[in-house]
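This report refers to the structure that appears directly beneath it.
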Amino acid sequence: MTAFLALAGLSYVYLTLQLYHLGERKKAAENELISLRTQNDIASAQIAALTSRSALQRRLKEGYLKMIPISEANIVRLTIPPRSPDEDTIQPVVNPSAAR
Amino acid sequence: MNPNSRSRCMLVCAAFIGLFSIFSFRLIYLQAIKHDEYAGLAAEKHVYKQIIYAERGMILDANKEVLAHNIPVETVVADATHLNSTQATVDLVSSELRIPSGELAEKLNSARRYIVIKRDVPAHTATALREKLRAGNLHGIYFEHDATRIYPNGSMLCHVIGFTDFDHHGIQGVEASMDEYLHGQDGYRFIEHNRAGQEIVPYRGQERAPRDGYQIHLTVDLGLQNIVENEIDAAMQQYSPQKATIILMRPQTGEILAMANRPHFDLNLRSEAKPDQMKNRAIIDMMEPGSTFKIVAAASALNERKMRPDSTIFCENGLWKFGGAALHDHRAFGYLTVRDILIKSSNIGAAKLALSVGEQKFYEYIRRFGFGERTGIELPGEINGLIRPPQSWSKISITRIPMGHEIGVTPLQMTVAMATIANGGKLIMPRIVKSVTAADGKTISSLSPMVLRQVISPEIAREIGDALRGVVSDAGTAAAAAVPGFTIAGKTGTAQKVNPRGGYEEGKYVVSFAGYLPAEHPEFVGLVVLDDAHTSKPELNYGGLVAGPIFARLAEKAARYLDLEPHEEIRKAIPVERVEKKPPTERVHKTASAERVALTNASHH
């Protein structure tokens with residue numbers, strides 16, 4: 001009986017210490033997660049700023065970016081088939097919102 | 001044991017029993033009766049509610065381009081009672097955060113327990129400072145996690161997006177109107193800490209996760225917005241107006257595709273902006289619309305069957321005395337059809353159209369077109385405009401209101417009215433918010449088009465649309481607004497500027513053009529307004545000559561962006577290369593000069 005009580009007491013102390021230890025590890029993992037999220041947020045904010053329309057246009061004006069017209073050889077032209085009111089026709093637009 | 005010893009023994013026992021009984025009662029009193037009170041007091045010392053802040057939602061355009069984003073920053077604060085070396089702390093913090101040391105020393109010597117040293121400190125600067133404080137063993141400086149709003153496009157769409165205050169509450173634009181959705185809901189966690197102030201993780205109490213703010217998707221297309229911004233900048237450079245507004249709207253759905261105002265400001269430098277730059281003039285500025293308002297007079301007369309499009313009206317050869325005052329036209333017109341009244345912009349003809357329906361009916365049509373009430377767009381601060389009821393009209397009001405005088409409308413109301421014509425007579429509520437989604441992409445709310453009422457019949461809308469096509473022709477007042485390959489319907493407006501102290505300002509005009517393209521199946525309605533434009537010659541300051549060409553340029557670019565197919569017949573008639581327009585001919589000069597005199601005289605009433 002005494003041995004059982006002693007064992008139970010020791011187990012209690014051991015498990016309590018384990019609980020604290022795991023708590024510390026949990027806290028460290030949470031801090032790391034917060035840090036990674038922060039870095040991620042900073043990175044996505046930088047991406048948004050650098051790829052924004054204003055930033056790209058500024059860089060275009062400053063000469064860091066250059067736009068080259070598509071050469072004639074790289075353009076494939078499709079002949080639009082004649083429309084018939086009785087059949088489905090191809091909308092001659094590439095922007096679906098324009099056809100609304 | 002003698003009796004004395006026994007009685008002493010019993011006395012001691014009784015004393016012990018009494019003492020322990022008192023202890024027991026005290027224990028029961030503390031542990032049972034007063035348990036909650038003392039447990040609460042103990043918890044106050046060691047347990048506190050840690051707020052887990054929700055992240056504010058992003059604002060995106062119709063194509064999911066980011067318009068407003070968050071960036072993590074830290075707020076550096078101090079507890080003056082914890083400082084162990086004030087001077088060393090001042091030296092280090094002032095050099096790291098680049099703030100004047102005198103100002104910082106004054107703050108830290110105040111002995112307050114919560115001093116905000118600097119907000120919006122970048123994470124890397126805060127980390128460097130934290131390490132240097134640790135290395136120098138300096139106490140009393142703390143860091144609070146925070147986030148600041150960044151706007152990647154700077155000044156683009158600034159009046160629509162708006163901005164937030166220090167507490168992350170929206171105070172202008174969509175940031176304010178959709179704050180409820182953007183703000184999210186903060187979470188919390190009850191934590192217990194030890195004497196050193198470190199959290200005891202196993203003793204964590206109740207916890208609720210934060211709900212990040214929803215993402216707001218606007219109807220604005222940044223591609224079109226960019227076209228509009230470039231055109232309004234070019235107009236500012238060319239004409240140096242005091243104010244300018246351009247709006248593009250999809251008539252069938254009420255979606256605002258682009259909205260720009262000048263003057264404007266950079267959202268990332270909002271603390272430097274002046275109040276005048278922060279106004280969204282499209283919804284909070286009133287203007288007299290001028291001749292663009294003639295569409296209301298024509299619509300009311302046609303819809304009430306008082307006139308037909310080909311009915312002729314005598315336009316008094318340019319001068320008409322009514323109610324003791326003279327009303328002028330910019331040219332001497334004889335008989336004009338209703339269609340020609342719009343094409344040639346006859347003031348007398350428009351006045352007679354309004355007279356044919358009567359004051360009360362005409363007022364009803366003005367209200368049915370949405371003037372005098374907020375459009376309901378999801379932007380804060382919108383005004384009603386100013387439409388007086390017929391009871392307070394003067395004798396000549398019925399002749400002045402049809403040509404856009406004696407009333408105040410917002411540029412958005414004028415755009416919506418033109419969209420009503422483009423949309424077969426249906427008045428649509430303008431929308432700037434397309435949908436609200438959660439961070440995982442789940443749609444929370446999706447806004448569908450809202451038809452407010454059928455203002456005029458589709459046939460009448462089509463007939464007015466036909467007349468408005470004539471405006472953008474050689475016979476009309478806005479030949480310069482034409483776009484090769486497309487038929488455009490539109491109406492010009494030139495109104496003398498209202499003086500806030502009464503009357504009109506001499507030589508100052510608000511010029512405008514409202515139109516849509518393609519006229520047969522409108523894809524967008526546009527409005528260009530320039531307030532007090534400066535032209536090379538004063539007689540060139542007209543809606544058709546100033547706002548019309550701006551509309552033409554932006555409509556051409558917008559049509560190309562939307563990949564609209566040019567009208568086949570016109571494509572055959574006009575060469576593919578844009579024909580360079582000749583400068584205004586003698587006819588235009590003569591007309592403009594005559595119109596200037598007529599309008600100046602007309603505005604004296």
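Laboratory data are not the source of any read-out in this text; all were calculated from the coordinates shown. Worth saying up front: this structure is predicted, and the values here are computed from it rather than measured. A quick note on method: Cβ atoms are made from the backbone with ideal geometry, for glycine too, and the neighbour counts reach across all protein chains shown.
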Which net charge results when you count Lys and Arg as +1 and Asp and Glu as -1 among the other residues whose beta-carbon is under 15 Å from that of residue B:194?
+1
Stretched fully, the stretch from residue A:20 through residue A:72 gains (0.36 nm per residue minus C-alpha distance, one decimal, in nm) 11.7 nm
Measuring from label point to label point, each 7 Å out along Cα→Cβ, what is the residue B:143 to residue B:2 span in nm?
8.2
What lysines does residue B:34 reach when the alpha-carbon gap must be under 18 Å and sequence neighbours fewer than 8 apart in one chain are set aside?
B:45
Would you calculate the separation in nanometres between label points at residue B:113 and residue B:321, each defined as 7 Å from the Cα along the Cα-to-beta-carbon direction?
8.5
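For peptide B:200-207, what's the mean number of Cβ atoms from other chains within 10 Å of each residue's Cβ? Walk me through the numbers on the way to the answer.
Values: counts 5, 11, 9, 3, 3, 0, 0, 0.
Mean partner shielding for this stretch: 4.
If you place +1 on the Cβ of every Lys and Arg and -1 on the Cβ of every Asp and Glu, how big does the dipole about the Cα centre of chain B come out, in debye to the nearest 20? Kindly include the intermediate steps, with their values, before the conclusion.
Working: 69 positive and 68 negative charges, 227 e Å.
That gives chain B a dipole magnitude of about 1100 debye.
Could you tell me which trypsin sites (Lys or Arg not before Pro) in region B:294-357 are loop residues by DSSP with no more than 13 other beta carbons within 10 angstrom of their beta carbon?
Of the trypsin sites (Lys or Arg not before Pro), the ones in loops of region B:294-357 whose Cβ has at most 13 other Cβ atoms within 10 Å are B:305.
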By a straight-distance test (C-alpha under 28 Å), which lysines pair with residue B:64 as possible cross-link partners, with residues fewer than eight away in the same chain excluded?
A:61, A:66, B:279, B:434, B:442, B:557
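About its Cα centre, what dipole magnitude does region B:145-259 give when the only charges are +1 on Lys and Arg Cβ and -1 on Asp and Glu Cβ, stated in debye to the nearest 20?
160
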Once both labels are modelled 7 Å past Cα along the beta-carbon direction, what's the residue A:1-residue B:50 spacing in nm?
4.5
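Select from chain B the helices, each a whole stretch of DSSP H, whose alpha-carbon atoms run 15 Å or more along the helix axis and whose Kyte-Doolittle mean is at least 0.5; answer none if there are none.
Working: long enough: B:3-28 (36 Å, 1.10); B:35-46 (16 Å, -1.11); B:86-97 (16 Å, 0.36); B:123-135 (18 Å, -0.48); B:222-239 (25 Å, -0.19); B:347-357 (16 Å, 1.19); B:411-422 (16 Å, 1.27); B:458-471 (20 Å, -0.09); B:548-561 (19 Å, -0.10); B:586-602 (24 Å, -0.55).
Passing helices, by number: B:3-28, B:347-357, B:411-422.
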What list of ³J(HN,Hα) couplings, whole Hz, do you get for region A:51-65 from phi and the Karplus terms 6.51, -1.76, 1.60, once you set θ to phi - 60° and write x for glycine and proline?
9, 5, 4, 5, 5, 5, 5, 5, 5, 5, 5, 6, x, 6, 10
Amide H contacts under 5 Å for residue B:337, placed H, 5+ residues apart:
B:313
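In the protein assembly as shown, what % of DSSP beta bridges are antiparallel (nearest 5)? The partial results should precede the final answer.
Working: 77 of 80 bridges.
Percent antiparallel among DSSP bridges in the protein assembly as shown is about 95.
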Given charges at Cβ of Lys, Arg, Asp, Glu: region B:222-602 dipole, positive-most of B:419, B:402, B:514
B:402
In the structure shown, do any of B:294/B:361; B:294/B:352; A:27/B:118 have a Cα-Cα gap over 20 Å, and if so which?
A:27/B:118
Leaving out same-chain residues fewer than 8 places away, which aspartates and glutamates sit with a Cα under 15 Å from that of residue B:321?
B:329
Extension gain (nm, one decimal) between residue B:9 and residue B:82, 0.36 nm per residue minus Cα-Cα:
20.5 nm
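Output the antiparallel fraction of DSSP beta bridges having both residues in chain B, as a percent to the nearest 5. Let's see the in-between values first.
Values: 77 of 80 bridges.
Rounded to the nearest five, the antiparallel share is 95 percent.
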